[in-house]
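Single-structure report; data block below.
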Amino acid sequence: MDLSMSTTTDPSLIYDSPRYEFFEDDGDSINTSLDAYSYAIEPLPPAVNALLKTNEAPLHFNILQSERREAETVLSDLNSRLEKMKAEVAQFTIKRDHVISMIETYRNVLHPIRRTPPEVLLEIFSYCVDFVDTDRPEMCLGINSLDTRNAPWNLGQVCKYWRSIVLECPRLWCSLSIDLSKLQHADTVKRQKLENATVILLSHYLRRSKDCPLTIAVFSHVAMHPLLSILCASSHRWYNVLLSLPAEGFAPLTSMRGCLPKLKLLHLRNFVSLENIWSTMPMVDAFEYTPNLLGVRAHEIPNIATRVLLPWDQISHCSSNYTPNGDLRHATLLCAGYGPSLSITPLKHSFLTCLTVDLIRRSSPDLIGQLLGALTLPSLRSLRLSVSSRHFPRPDVRPIVRLIERSNCSLIKMRLKGFETSVEQDDSPFRSLMTAVQNSIQILCLENFPNSLLSALMATQDPDDPPLLPLLRHLRVSGICPVELDQILFVTMVESRVKYTKFMALVTSSQFVLTNPEAQRRLDALSSH
């Protein structure tokens, strides 16, 4: 029907107009203003929707005007109800947040950490602290014990209870590492303020450590520093100490002489290796009277025995480029030099059981021969010699043979790296070495296994033909698998040792990989057993 030409009322406008019916709650239901379904709103009549598709004026204006006013009334009522609902939602939100806060408070109060005994907390705290290991100077350089952002400082900033525990546990404050070079500043005023602040922090640190023995690592490129003086004042508690100082920095330590009753381990490092400076300096006597000193490590200090007075008669472990006479048990030596100019007085160590010698790269191989030629070690049980692979030809083992024969020692463990190990000739040096340790060696570690040595190590069932090194229990292979190695022969030798001797284990480096599938299969079969 055309609405624009009609003079009568469209029945759809009367009967199909939207109705807004509000259903009142009866007495049996709960009266609430939040019921969004209390209104029944019908859709617009089709005639009104048809007018939306044209620009014609509606003919039944009064009826539509009445419907609009009724819809606006309903909208106003809905807005009013919606505002009330928002107010109630806001109140509920506030109450909900308050309940959530209460629940979190209860959870915090009931947290197991509050019931954790102090001794358990201290054990946890100990894993947060970077303790100093003087055998690893590079790691110590990365520790700044006076940084309040690190443990144990920051542990005491969590709560009053934790602070009381941290302050009452000196074990958390007994390990200290300081790099004095980081405390320098180009501006004199700022440098002085920085020094004053660190002095205060160090004083607190030492006071909180109470009477605990101290493990200290100090790195400095200057001879004297206020912090070093404060540390020296606590020398009576030094237990394990690493001092990395310039040559001139060791002389002022004389003030501690006789004040190191607890010192057990000492690690000295020369910040700048200048031998001519050491030759003009007096001997360092700060560590002469240390009744409990057992271990000494020295780095870049030329001939420590003539530069530092130490109680060598009681020291049992030494790592240096020179080892004096005494009752040592373990010694690690570093050989460095470019020619056969080293002069060593004959040395006899009656109690030395472990000797490690590393020839520094580009140094003369003759240094090891001269060193071993001066030693007599009747109690030697473990020998480790390492020569850089850059040395060619490989040095032979004659000095080792002479050392064993002269010392009349029973070597149990031997590790050789960079030496000639061929036994093709009956009078070869390495065969002589194997003969010298024939009845004692149990652990052998080599880098090079020529085929001649593999054949010599082969074991048989014939009692009249005893194998070379019959007491060998462990064989260790370092380095990579050389191309010239007969891998089948290598595995066959290991199988014979396992079958006919008391051989127990073969240990290979991660770089030693057999490329022969058959050899690898047989080796894996041995490992599985």
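The values are calculated or read from the model by the stated rules, or taken from the named source; none is laboratory data. Quick caveat, the model's predicted, so the values are computed rather than measured. Counting neighbours? That spans all protein chains shown, and the Cβs are built from the backbone with ideal geometry, glycine included. Each accessible area value is taken on the protein alone, full model and side chains, heavy atoms only, with ligands, DNA and RNA left out. Shrake-Rupley method; radii C 1.70, N 1.55, O 1.52, S 1.80 Å.
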Using the Kirkwood formula on the Cα atoms of region 379-529, what hydrodynamic radius do you get, in angstrom to one decimal? 16.0 Å
Probe 1.4 Å, all chains present, heavy atoms only: Tyr500 accessible area in Å², nearest 10, is 90 Å²
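Just to confirm the filter: which trypsin sites (Lys or Arg not before Pro) across region 85-180 are DSSP coil and have at most 11 other Cβ within 10 angstrom of their Cβ? Walk me through the intermediate numbers first.
Working: sites: Lys86, Lys95, Arg96, Arg107, Arg114, Arg115, Arg149, Lys160, Arg163, Arg171; in loops: Arg149.
Sites meeting the loop and neighbour criteria: Arg149.
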Just the number, please: carbon plus sulfur as a percent of the accessible area of region 395-501, 1.4 Å probe, no ligands or DNA/RNA counted. 47 percent
Name the lysines eligible as straight-distance cross-link partners of Lys182: C-alpha to C-alpha under 26 Å, and not fewer than 8 places from it in the same chain. Lys190, Lys193
Cross-link reach list, lysines versus Lys86, counting only Cα pairs under 29 Å and skipping chain neighbours closer than eight places: Lys95
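Compute the signed sum of charges (Lys and Arg +1, Asp and Glu -1) over the other residues within less than 13 Å, Cβ to Cβ, of Arg415.
Taking every Cβ under 13 Å from that of Arg415, the sum is +3.
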Using only the Cα atoms of region 360-454, build the gyration tensor, take square roots of its eigenvalues as a ≥ b ≥ c, and label the shape rounded, prolate or oblate: rounded if a/c is under 1.5, else prolate if a/b is larger than b/c, else oblate. oblate
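Mind running the shape call on region 168-275? Use the C-alpha gyration tensor, a ≥ b ≥ c as the square roots of the eigenvalues: rounded below 1.5 for a/c, prolate if a/b tops b/c, oblate otherwise. Please list the in-between numbers first.
Details: a/c = 1.98, a/b = 1.12, b/c = 1.77.
Note, shape of region 168-275 comes out oblate.
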Cross-link reach from Lys417 to lysines, straight Cα distance under 29 Å and at least 8 residues apart if same chain, gives Lys348, Lys499, Lys502
Heavy-atom accessible surface of region 53-181: percent carbon and sulfur, 1.4 Å: 57 percent
What are the residues whose amide H is under 5 Å from the amide H of Val308, where those residues sit 5 or more places off or on another chain and H is modelled from the backbone? Val284
Against the rule of thumb 2.2 N^0.38 Å, how large the Cα Rg of region 109-218 comes out: 1.19
Of the GluC sites (Glu not before Pro) in region 451-522, which ones lie in a loop per DSSP and count no more than 13 other C-beta atoms within 10 Å? Glu484
